[in-house]
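The values are calculated or read from the model by the stated rules, or taken from the named source; none is laboratory data. Bear in mind the structure is a predicted one, so any value in this text is a computation, not a measurement. No Cβ is skipped: glycine too gets one built from the backbone with ideal geometry, and neighbour counts run over all protein chains shown.
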C-alpha cells in the first residue's frame with residue numbers, strides 16, 4: 001500500500017507471452033498490492049504464463065479490442081478493492097519502475113489521473129518511436145490542447161494511473177472498444193473536471209513490443225480529431241455526445 005491506499009496494477013494483454021515475465025519481474029511489490037491481467041483472446045501462451053506467475057487472470061472468450069480490454073481491467077480492479085489503478089502494458093514498452101511515481105501522486109490526493117509522458121523524457125524517438133508517429137503525436141497533442149483547453153505534453157501514452165473515484169464516475173461504457181478509447185477517456189476526464197498530472201517516462205520500441213500499424217494509426221488519429229471536436233461542441237451546447245453525458249453508462253461494477 002501507498003499512504004494507506006490499495007494499489008492495483010492492471011495489464012491489458014494480447015499475445016504478450018514473450019514479454020510478460022520480464023515486465024512482471026520489475027514490478028515493485030513492496031508497494032503494489034495486486035496485479036490483474038485481462039487476456040483479450042490471445043493466440044499464444046499469455047494466459048499460461050500469467051497463471052504460472054500467480055497473476056489474477058481474466059480471459060475474454062472473444063477478442064473485444066484494446067478499449068474493451070481496459071473496461072474489464074478497471075471493472076475487476078474496482079471489484080477487488082483498488083483505491084488506485086495503474087495500467088501497465090505487459091509488452092515491456094514502459095518501465096514498471098515508475099509505478100510508484102504514478103500511483104503515489106494519486107494516493108496523496110494530488111491528481112485524479114497521472115500519465116507517463118514519453119515526450120517529457122525527450123527520448124521518444126531515441127527509444128525507437130517511428131518518426132511519423134512522433135510527428136502525428138505532436139500535431140494531435142497541439143490540436144487537443146487547443147480544443148480541450150489543456151497543456152498536456154501528450155495524450156497518447158499507454159502508461160496511466162487513475163483514482164477509484166474517477167473510474168466510478170466516468171461513463172466509460174459509452175467509449176469505443178478500439179484504441180481511441182484511451183483518447184476518449186482523457187477527454188472525459190477533462191470534460192468532467194478531474195485533475196490530470198504527468199510524469200516523465202522513457203519508452204522502448206522493439207520487435208516484441210506491441211504497436212498498431214499505419215492504417216489503424218490513421219483511423220486512431222481521425223478518432224482523436226473527432227473526439228476533440230465533439231468535446232468542444234458539447235461544451236458549447238451544440239452537440240449531445242453520449243461519451244460526455246453525465247448519465248452515460250458506467251462500468252458494470
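What's the total number of residues in region 6-46 that are crowded, with 19+ Cβ neighbours inside 10 Å and not in a loop (DSSP other than H, G, I, E, B)?
Adding up the residues that qualify gives 17.
Please verify whether residue 105 is on the phi < 0 side of the Ramachandran plot and either part of a strand (DSSP E or B) or modelled with pLDDT of 95 or more (or both), treating the condition exactly as stated. Spell out the reasoning first.
Values: on the phi < 0 side of the Ramachandran plot: yes; either part of a strand (DSSP E or B) or modelled with pLDDT of 95 or more (or both): yes.
Considered against the rule, which asks whether it is on the phi < 0 side of the Ramachandran plot and either part of a strand (DSSP E or B) or modelled with pLDDT of 95 or more (or both), residue 105 comes out as yes.
Somewhere in region 150-161, is a residue within 19 Å of residue 233 (Cα to Cα), in contact with a helix residue (DSSP H, G or I) (Cβ under 8 Å, 6 or more places away or on another chain), surrounded by fewer than 20 Cβ atoms within 10 Å (Cβ to Cβ) and at pLDDT 95 or above? Please lay out each step first, then the result.
First pass over region 150-161, keeping only residues within 19 Å of residue 233 (Cα to Cα): 150.
Going one step further and asking which of them are in contact with a helix residue (DSSP H, G or I) (Cβ under 8 Å, 6 or more places away or on another chain), we end up with 150.
Filter again for surrounded by fewer than 20 Cβ atoms within 10 Å (Cβ to Cβ), leaving 150.
From what's left, at pLDDT 95 or above: 150.
Among the residues of region 150-161, at least one is within 19 Å of residue 233 (Cα to Cα), in contact with a helix residue (DSSP H, G or I) (Cβ under 8 Å, 6 or more places away or on another chain), surrounded by fewer than 20 Cβ atoms within 10 Å (Cβ to Cβ) and at pLDDT 95 or above, which makes the answer yes.
So in region 47-71, with the set limited to residues that are part of a helix (DSSP H, G or I) and touching a residue at least 60 places away in the same chain (Cβ under 8 Å), which one is nearest to the chain's Cα centre (by Cα)?
70
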